[in-house]
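The values are calculated or read from the model by the stated rules, or taken from the named source; none is laboratory data. This is a predicted model, so every value here is computed, not measured. Counting neighbours? That spans all protein chains shown, and the Cβs are built from the backbone with ideal geometry, glycine included. Heavy atoms of the whole protein, side chains included, go into the accessibility calculation; ligands, DNA and RNA do not. Shrake-Rupley method; radii C 1.70, N 1.55, O 1.52, S 1.80 Å.
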Amino acid sequence: MKGEVRLAISTDADLVAARAQGRAMAQQLGFPRPDPTLIATAISEIARNIVMHAGTGEIVLRPFEEHDRYGLEVVAIDAGPGIRDVEAALRDDYSARGGLGLGLPGARRLMDGFQLHSDAAGTTVTMTKWRYRDELARARAERRRRA
Amino acid sequence: MSVAILKQGDYLIASIQSDLSDTEVNALRHELAELVGVHRSRGIVIDVAALDVIDSFVTRALRAIVLTARLRGAHTVIAGISPDVAIAMVQFRLNLEPLRVALDLDEAVVALDRLTRGDHEDEG
């Protein structure tokens, strides 16, 4: 699949643009409903984390294709203060700066893959969502394997 | 303005026209709290059908808008959550409890009629 898109994030207008881009790219890639909305919602959360905690950062939207599936990787990068307790940030009850606790665990539930790396140099969140090109063929192959 | 607010009898109808930034969502809270006083409105419908995303911020903001309007004497019903947004909210584990929601504008007005009738009975 053609190129990635890099979006600078520093204002809440950038956040609106990032989720619109993510949705549009998901639709272009062929994600069925409601996936584009799930992806846009997850992007909204991690982009807001950048604005609130780091001030500025970047969202990279990277389409990928493998032999039997396609997908979208979303990477959020900032050079902010970092998240001190990553485990806690991914727990549902975690509440930092105005009760943002819901954001990251919620985003993780919307996507298929979710990785969070944070240290003194900043935070990187990598999220992926993918679809098998032929869900039906895959289900049949799965059944044959098990038989 | 990305939200059109119309006065319809005792009610205010706030129709969100496009995806909103966080700043615009916060502005809506102030504007509705003001307008409830200006028009002496008893009820508000917030039509969110045009919202592409209802994430944790918007969920919290809607709750704040409704509670603020309630302190100004108005009931609020949220209308028009799209099927995809509803699915995303459930998977995210967001919910709008204890806010009132309705399928669309018409249903929201019916719900407001019921809610505000209750207010009048209390007064009587």
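Scanning segment B:3-24 for any residue that is in contact (Cβ under 8 Å) with a residue 24 or more places away in the chain, assigned to a helix (DSSP H, G or I) and away from chain A (no Cβ under 14 Å) turns up nothing.
Against the conditions (1) surrounded by fewer than 19 Cβ atoms within 10 Å (Cβ to Cβ); (2) more than 13 Å from every other protein chain (Cβ to nearest Cβ), B:A50 satisfies every one except (2).
Just so you know, in segment A:100-133 the residues that are among the hydrophobic types (A, V, I, L, M, F, W, C) and under 14 Å from A:I39 (Cβ atoms) include one that is most open to solvent (accessible area, probe 1.4 Å), and it is A:W130.
Every residue, every condition in (1) part of a loop (DSSP other than H, G, I, E, B); (2) away from chain A (no Cβ under 14 Å); (3) in contact (Cβ under 8 Å) with a residue 12 or more places away in the chain, yes or no:
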{"position": "B:R60", "(1), (2), (3)": "no, no, no"}
{"position": "B:A64", "(1), (2), (3)": "no, no, yes"}
{"position": "B:L67", "(1), (2), (3)": "no, yes, no"}
{"position": "B:R70", "(1), (2), (3)": "no, yes, no"}
{"position": "B:G73", "(1), (2), (3)": "yes, yes, yes"}
{"position": "B:T76", "(1), (2), (3)": "no, yes, yes"}
{"position": "B:N95", "(1), (2), (3)": "yes, no, yes"}
{"position": "B:P98", "(1), (2), (3)": "yes, yes, no"}
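In segment A:1-34, the residue that is least open to solvent (accessible area, probe 1.4 Å) out of those that are in contact with a Lys or Arg (Cβ under 7 Å, 6 or more places away or on another chain) and within 25 Å of A:H117 (Cα to Cα) is A:L15.
Consider segment B:25-47 and keep the residues that are buried (at least 20 other Cβ atoms within 10 Å of the Cβ) and assigned to a helix (DSSP H, G or I). The one that is farthest from the other protein chains (Cβ to nearest Cβ) is B:V36.
The strands (runs of 3 or more DSSP E) falling completely within segment A:1-99 that include 3 or more residues that are closer than 15 Å to A:W130 by Cβ and at pLDDT 95 or above map to A:57-66, A:69-78.
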